[in-house]
Structure formats: C-alpha cells, structure tokens
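Student: I'd like to ask you about the structure that follows.
The values are calculated or read from the model by the stated rules, or taken from the named source; none is laboratory data. Fair warning: this is a prediction, and the values are worked out from it, not measured in the lab. Quick reminder, even Gly has a Cβ in these numbers, built from the backbone with ideal geometry, and neighbours come from all protein chains shown.
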Amino acid sequence: MTMIEAIRDAHDVAMAADDRVVVFGEDVGFFGGVFRCTAGLQEKYGKSRCFDAPINESGIVGTAIGMAAYGLKPVIEIQFADYVYPAYDQIVSEAARLRHRSNADFTCPLVIRMPTGGGIFGGQTHSQSPEALFTHVSGLKVVMPSNPADAKGLLLASIADPDPVIFLEPKRLYNGPFDGHHDKPLTTWKKHAEGDVPEGDEIVPLGKAKVTRKGADVTVLAYGTMVYVAEAAAKETGVDAEVIDLRTLMPLDLETITASVQKTGRCVIVHEATRTCGFGAELLSLVQEECFYHLEAPIIRVTGWDTPYPHAQEWQYFPGPARVGEALNTVMED
Amino acid sequence: MSEELRPLSLNVPEPGCRPGDTPDFSDFEIPRAGEVLRPPVDVAADDIRDMAFSIVRVLNKEGQAIGEWAGAMTPDELRTGLRHMLTLRAFDKRMLMAQRQGKTSFYMQHLGEEAISCAFARALRPGDMNFPTYRQAGLLVAVDYPMLTMMNQIYSNADDPLHGRQLPIMYTSKEHGFFSISGNLGTQFVQSVGWAMASAISGDTKIAAGWIGDGSTAESDFHAAMVFASTYKAPVVLNIVNNQWAISTFQGIARGGVGTFAARGHGFGIPSLRVDGNDYLAVHAVAKWAAERARRGLGPTLIEYVTYRAGGHSSSDDPSAYRSGEEASAWPLGDPIKRLKQHLIAIGEWSEERHTQAEAEIMDEVIATQKQAESIGTLGDGKVPSPRDMFEGVYETMPPHLVRQRQQAGY
C-alpha cells in the first residue's frame, strides 16, 4: 500500500467507526484531493461527511474548530503545508488554546493534515516544512510519519486524540519509498516492508519514536523523508549509525533519544526545513541538556539552507545523503 | 496626447466629530418606528436589499410599539428584559469601579449596548450556541448565569471557573450557550458558522450565533464566515454590533466605500438587515426572525445592530482623546434602558417608582454578590489560583515535558 492509500484507509476506518468524523478541504470531496488521499470517501460516506471547501484556509480551520467544539471530529486537509499560513491565527490563537482557556468546557479534537516537504519540484510554495511553527505553540501535537504503516496508525491515533494534531505528510514519500537519492530509481511501497499496512483500526501511539536502524557509534535524529536520507548516508559511509525516526515531534519521545545518544556518544540531527530556529535547534538543546557528559563530539545539524525552497536548485537545497554522510564522517573524527 | 497627470492622493476617512467639535448626526437617516416592514422568513435575500440600508425600529419617541415587528413580547417578558439590562448596567458599574480600585486588571462595560445581548439571548433556545465578543455579557445575564461566577472570573479568585488562566470578562459556559471568548478579534465569527454546520451535519435542530464588532468586520475571518455560511447555508445568525467606534477608530475606517455593514451580506446572497440596537423590542423581534430562518433550514442572516458605545472601549481606554464627550448624549437612538422603561410606562405596565425601586434592589443584589465574590478573593489581594493551574489543561493528558516544567517551577 502506498502512503496515500494508507492515509485514505485510515480515514475510511475512522469514518466507518465514528459518525462524528467529518472530512473536508480544498478539492477533497468529489475529486478526492489533489493527492487523492480522500478519494472515494464522499461516495461512501455522503456529502455531509466529506466535502469540498472554499479556498480559504482560515475558514477551513475556523469552521473545523466550531465543529470540534460542537462535538464532531473534523479531519481537514490543507492542500499544501505552504498554504497553511492564513489559518495560523485560527490554529495558534484558537485551536491550541481552547481547552486551556475554557478549562475544558470546550475542547478541540481536530486533525489538520497537510502535504509537506520538497522533492517534487514544487518551488517555494509547494515544498516547505513548517513543523517548527507548530512545535513552538503550546497546546498542539505535531506528527510526521515516514511510511505507510505509520501514516495509517499515526493518523488513526491523531483522530482518536482529544487535542488538535498537526499531521504533516512528506509528499516525497506518498508514492514510493525514497531511498535518499533523487537520481536513483525508487522502489515501490509494495516491495517495502513498511508498505505492508495492517488492516483494521490498529493505532501507532503518538509520542513514541522508532529506531529504524540499530547502531553503536552515532545517533541520527530524523523524521519524514529524512529518515531515508539518514539510512542511505549510514549505509554509504559505513558509519555504524543508529537512526531514530521521531514520528511525533510534540510530544517528543525524549527517552528514546537520550537512551540512544548516551549509548553512542554522538548525535547528528537532520531535517529538511530551514536551519535557524528549526526543530533541530530544539533537539540539539535537549540533547545537550540531557547528554552533555556522554558526548564525544559536537552535535551537528544537517538541514535545508536558510533560503526559500528553490525550484531548479531543489536538490542543492535538500540535505541529501552526501551532506548527511559528511556530517557522519565529521562527527566520527572527534 | 498631452494628458496632464496629477499626483494621486490617499483617501483617509475622518469621523464627523472630534474632541471639541459639536456632534452632528443630522445626516444620519433614521426611519420612523414601524416604517420597515417584516418580510416572511423565507424571503429571498435580493427581495430585501433595501433593509440593509434602512433600520428596523419598533419604539417611537413616545415609547409606543409600532408596526409589524411589534407585539411579540408580553409585559412580563418586557419587565424581565428591563431587569436584565438594569442588572448588566449595575454589574458594569460595580466591576468598572472594582477595576479602578485595583481588584482586577481589566474590565469592559456595555454602556448603551445592553439591549443587544439581553434581547438576543431571549430569541434563542437552550442548546443553541453564541460565539460572543467581549461586549455581550447580556447573553449570560439574560439566561440567569450566576453573577457570582462572573465576578469570580473577573477577580481570578479560587472559584474562577477558568482557574485564573483567562482575562477578566472572557467568560465561558457551554451550558448557557456561551462559547469561550478568545479575545482575538473576528476569529470566532467563522467558528460559529462551523458550529452551525456541525449541527446540520449531525441532523440536529440547534442553531449558532456569531458576533463581531464593526471594526473587526475588516478581518479576513469575517469574509471567511460569510463565504462558508453562504455556501453551506449554515443555520447561523451573524451579528455585527456597530457601536460606531473600534477603540479610537471610527466605523468608517472598517466600512470603507460601502454604505452600511449590513450591505456586505449582499455579495454573499445572505438576507441582511439593520436594526435599532437601542430598541429592545426591535432587537428581539429581528433576532427571533433570524433564528427562525436558521432553525427552519433557510440559512444564515446578517444583522447589523446600529448602536453607540457610550463608554470607553475598556478600562484602559480614554475616549476623550479621540471623540467628543457630547457624542453619546447626542446619539439619536437614545438609551436602551430609558426607552424600554418609557414604553412600559406608556402601556401602563411600569412606573417611575417601580423603576427606582427595581434599580435599588438590583444594585443591592449586585453589591451583595460582589461582597461574596471578594470574600473568596480578588486579583488585587493575591488570592488567586495556584500557579500549578497554568500547567493543567494545555492538553487533556499532561505530556512529559510539561510535567518536568511544572516540577521545575516548584508546583
């Protein structure tokens, strides 16, 4: 199953189980979304549970907050993460704060899905990774799966969650595992273990990271597309790296991170988003605070550059296996 | 071609009257009471376009109720309405004073706008939901929300239902159809549409009411609310309280080139009308009409309440810096309490003596409740909820990083 099919399956399972789950967004209804993540849902569940929305992100999120306050469980799509900014006020000032400011008189169980990241020549308006804009906000949960099985399980967990969840879907991974290299052929999800998505309503709990590659010498913290880049870099450099797929950025599985770094004594942090004040800065601070006396070398961040996501120079912006590999070698020299 | 191009200049609208000027409302067109007719609830938006430029009025200068919008309320109901408005005014007076005495940080009063929220509340049913701004506490007063709880919230004391987390007057009560006030402007207008859509999705019979001020209609969320309400025919009443002033900015800055705020509804195909916001009977009648439309699945209604903010924007505001002090008394739609009182007296259902007595009784009740609230604590005396409370309720289950931070903070 592809990640798109897994996401669709999660919607299907949740909608079948609970009438309160409603799905809407731009092009989401009849057509099933520009990436087809909601295809067939309108036909199966009717127009009042899966429908097209006007092109107005603050309206999509704003109405969804009202629906969540009523008692529904909206699962809404922002067509690209790059389009979420008009809704930022609704997310930050309203969805994230409702429980706290009303002392739970009203709550906001809401999932906001959005395709994230580059690698499809989307230029600056279809490539961004805005996770740090959400991890910085108290009251939100932030999730980014790296494979179909996790995408389904994490989405089901997010829908079941009583609080607002920002669900970031790495669009580079939608149709096939990206093995870290843009210039080499992809394997399909069919031939990948994580493309084997369990049937039914099994969740992957929020707040639990996963070690995707065991290693002894350096811990690589990654999420989404970067998990595959990290794995490719480890394989190609021969560095015995332990790769941790964070899966949930908020709440963060700090236990798994510290256990690994305290074991390896080295840490490389990888993300696609811009560097300055990126989520890597928070990870670096936490690792420093928790693991300083175990560290053998300075922690290194490998990230996108502090530029808008370029079009023609996409793969020079993207922190690929060569840059991650270089960081692995550097961290091993100390 | 030798066309001479002249330099462009920017148009920045100005109010008719600034400090030191004599207020002049002579070009403010006010239709006679009863002049605007009551259309059937299933009227098409296009057929009542003129209502967005006129004003529904019931009470005339002599205090008589005139026309098709009159006659919906019994004398008992009207006396109850008067009591609600008097209560809100007394409450405001005491709480504003309490703020001045340092018992709380901030207060916002309703002076001159009491009819709008008090009368509107009586047009809804239990289970309906308001998404209010900070100047609609009458929605709580008129459904008998405990005044003590309001004061506890204003004082952020141990019995504050919001545990000291939220600003004074930003009330919340699901049970009383009062959505949690955010304090951001405009954001909740569109949420009311979402709540109404949810009722329709669920096959429910409840309706929602959104609230926004004249100034905040300039926010994008106003447009979002109108689009969604229009598209999905949401069972919602969308209320614009035009009290002429957004802090120091006169309504013309938000209104721009359009004649009235209500006229904004025309582009969305939403039946839109203006009502005399200082006329309790007119507000109630129009609210009932719009609520019935929503409840019968006829979709949204946009209502502009024409009123005047007779007090400051908040306890932090000094209106004498930007508008004439005489503007409030020159306001041609009068005072909502005086007008309802005059009507009740005119129909033989009230008297000056009863009014004076009611005012005194209500003030006594407010003061007694205030004493009770102050015995529990005030922000000023520091008897506030534990700092532990700020860590609670960020999420349903406290995540590990917040548990650590709470311990670090010593709670």
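Student: Could you tell me which residue of the range A:50-77 is nearest to the other protein chains (Cβ to nearest Cβ), considering only residues that are part of a helix (DSSP H, G or I) and among the β-branched types (Val, Ile, Thr)?
Tutor: The qualifying residue nearest to the other protein chains (Cβ to nearest Cβ) is A:63.
Here is a yes/no grid of residues against (1) modelled with pLDDT of 95 or more; (2) facing chain A (nearest Cβ under 9 Å); (3) farther than 26 Å from residue B:23 by Cβ; (4) within 13 Å of the chain's Cα centre (by Cα):
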{"position": "B:199", "(1), (2), (3), (4)": "yes, yes, yes, no"}
{"position": "B:203", "(1), (2), (3), (4)": "yes, yes, yes, no"}
{"position": "B:207", "(1), (2), (3), (4)": "yes, no, yes, no"}
{"position": "B:216", "(1), (2), (3), (4)": "yes, no, no, yes"}
{"position": "B:221", "(1), (2), (3), (4)": "yes, yes, yes, no"}
{"position": "B:224", "(1), (2), (3), (4)": "yes, yes, yes, no"}
{"position": "B:228", "(1), (2), (3), (4)": "yes, yes, yes, no"}
{"position": "B:234", "(1), (2), (3), (4)": "yes, yes, yes, no"}
{"position": "B:240", "(1), (2), (3), (4)": "yes, no, no, yes"}
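Condition check ((1) assigned to a helix (DSSP H, G or I); (2) charged (D, E, K, R); (3) over 22 Å from residue A:171 (Cα atoms); (4) in the same structural domain as residue A:60 (by TED's automatic domain parsing)) across all residues:
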residue	(1), (2), (3), (4)
A:7	yes, no, no, yes
A:11	yes, no, no, yes
A:24	no, no, no, yes
A:27	no, yes, no, yes
A:31	no, no, no, yes
A:38	no, no, no, yes
A:43	yes, yes, yes, yes
A:48	no, no, yes, yes
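Student: If you don't mind, there's one more thing I want to ask. I need a count of the residues in the range B:227-275 that are out of contact with any Gly (no Cβ under 9 Å at 6 or more places or on another chain), of a type in the set (Ser, Thr, Tyr) and assigned to a helix (DSSP H, G or I).
Tutor: Adding up the residues that qualify gives 1.
Student: Looking at the range B:135-171, which of its residues are touching a residue at least 60 places away in the same chain (Cβ under 8 Å), part of a loop (DSSP other than H, G, I, E, B) and not aliphatic (A, V, I, L, M)?
Tutor: Matches in the range B:135-171: B:135, B:136, B:156, B:157, B:159, B:160, B:163, B:164, B:165, B:168.
Student: Something else about it: Can you tell me which residues in the range A:236-273 are in a helix (DSSP H, G or I) and either closer than 29 Å to residue B:398 by Cβ or out of contact with any strand residue (DSSP E or B) (no Cβ under 6 Å at 6 or more places or on another chain) (or both)?
Tutor: Result: A:236, A:237, A:254, A:255, A:256, A:257, A:258, A:259, A:260, A:261, A:262, A:263.
Student: Could you tell me whether the range A:57-65 includes any residue that is surrounded by fewer than 21 Cβ atoms within 10 Å (Cβ to Cβ) and not polar (S, T, N, Q)?
Tutor: no
Student: Return only the number of the condition from (1) at the interface with chain B (Cβ under 9 Å from one of its Cβ atoms); (2) buried (at least 23 other Cβ atoms within 10 Å of the Cβ); (3) not in a helix (DSSP H, G or I) that residue A:105 does not satisfy.
Tutor: With (1) at the interface with chain B (Cβ under 9 Å from one of its Cβ atoms); (2) buried (at least 23 other Cβ atoms within 10 Å of the Cβ); (3) not in a helix (DSSP H, G or I) applied to residue A:105, the lone miss is (2).
Student: For the range A:98-118, give me each residue that is closer than 29 Å to residue A:171 by Cα and out of contact with any strand residue (DSSP E or B) (no Cβ under 8 Å at 6 or more places or on another chain).
Tutor: A:108
Student: May I ask you to list pairs of residues, at least six apart or on different chains, whose Cβ atoms are under 8 Å apart, with the first in the range A:300-323 being closer than 13 Å to residue A:124 by Cα and the second being hydrophobic (A, V, I, L, M, F, W, C)?
Tutor: That search, which allows pairs on different chains as well, returns A:304/A:273; A:304/A:318; A:311/A:121; A:314/A:121; A:317/A:305.
Student: While we're here: Those residues that are in contact with a helix residue (DSSP H, G or I) (Cβ under 7 Å, 6 or more places away or on another chain) and either surrounded by 14 or more Cβ atoms within 10 Å (Cβ to Cβ) or assigned by TED's automatic domain parsing to the domain that holds residue B:272 (or both), I need them from the range B:17-37; list them, please.
Tutor: B:17, B:23, B:25, B:36, listed by residue number.
Student: Would you call residue B:54 assigned to a loop (DSSP other than H, G, I, E, B) and farther than 29 Å from residue B:347 by Cα?
Tutor: no
Student: OK, next. Which of the residues spanning the range B:172-198 are out of contact with any strand residue (DSSP E or B) (no Cβ under 7 Å at 6 or more places or on another chain) and part of a helix (DSSP H, G or I)?
Tutor: The answer is B:174, B:175, B:176, B:187, B:190, B:194, B:197, B:198.
Student: Another question, then. From B:179, B:106, grab the single residue that is at pLDDT 95 or above, at the interface with chain A (Cβ under 10 Å from one of its Cβ atoms) and more than 22 Å from residue B:86 (Cβ to Cβ).
Tutor: B:179
Student: Is it the case that residue A:229 is closer than 18 Å to residue A:116 by Cα and not in a loop (DSSP other than H, G, I, E, B)?
Tutor: It is true that residue A:229 is closer than 18 Å to residue A:116 by Cα and not in a loop (DSSP other than H, G, I, E, B).
Student: Next question. Checking the structure you have, find out if any residue of the range A:281-293 is outside any helix (DSSP H, G or I) and either modelled with pLDDT of 95 or more or over 22 Å from the mean Cα position of the chain (by Cα) (or both).
Tutor: No, the conditions are met nowhere in the range A:281-293.
Student: Give me a count of the residues in the range B:86-125 that are more than 14 Å from residue B:282 (Cα to Cα), touching a Phe, Trp or Tyr at 6+ places or on another chain (Cβ under 7 Å) and assigned to a helix (DSSP H, G or I).
Tutor: Residues in the range B:86-125 being more than 14 Å from residue B:282 (Cα to Cα), touching a Phe, Trp or Tyr at 6+ places or on another chain (Cβ under 7 Å) and assigned to a helix (DSSP H, G or I): 3 in total.
Student: Could you list all residues from the range B:51-103 that are under 21 Å from the mean Cα position of the chain (by Cα), of a type in the set (A, V, I, L, M, F, W, C) and under 30 Å from residue B:379 (Cβ atoms)?
Tutor: Hits for the range B:51-103 are B:85, B:86, B:88, B:90, B:91, B:95, B:96.
Student: Same structure again: Which of the residues that make up the range B:276-309 are within 17 Å of residue B:228 (Cα to Cα) and assigned to a strand (DSSP E or B)?
Tutor: B:301, B:302, B:303
Student: Quick check on residue A:176: is it surrounded by fewer than 22 Cβ atoms within 10 Å (Cβ to Cβ) and within 14 Å of another protein chain (Cβ to nearest Cβ)?
Tutor: no
Student: What number of residues within the range A:117-154 are away from chain B (no Cβ under 14 Å) and either within 18 Å of residue A:227 (Cα to Cα) or in a loop (DSSP other than H, G, I, E, B) (or both)?
Tutor: Final tally of qualifying residues: 24.
Student: Go through (1) at pLDDT 95 or above; (2) among the hydrophobic types (A, V, I, L, M, F, W, C); (3) surrounded by fewer than 16 Cβ atoms within 10 Å (Cβ to Cβ) one by one and return the number of the condition residue A:137 breaks.
Tutor: (3)
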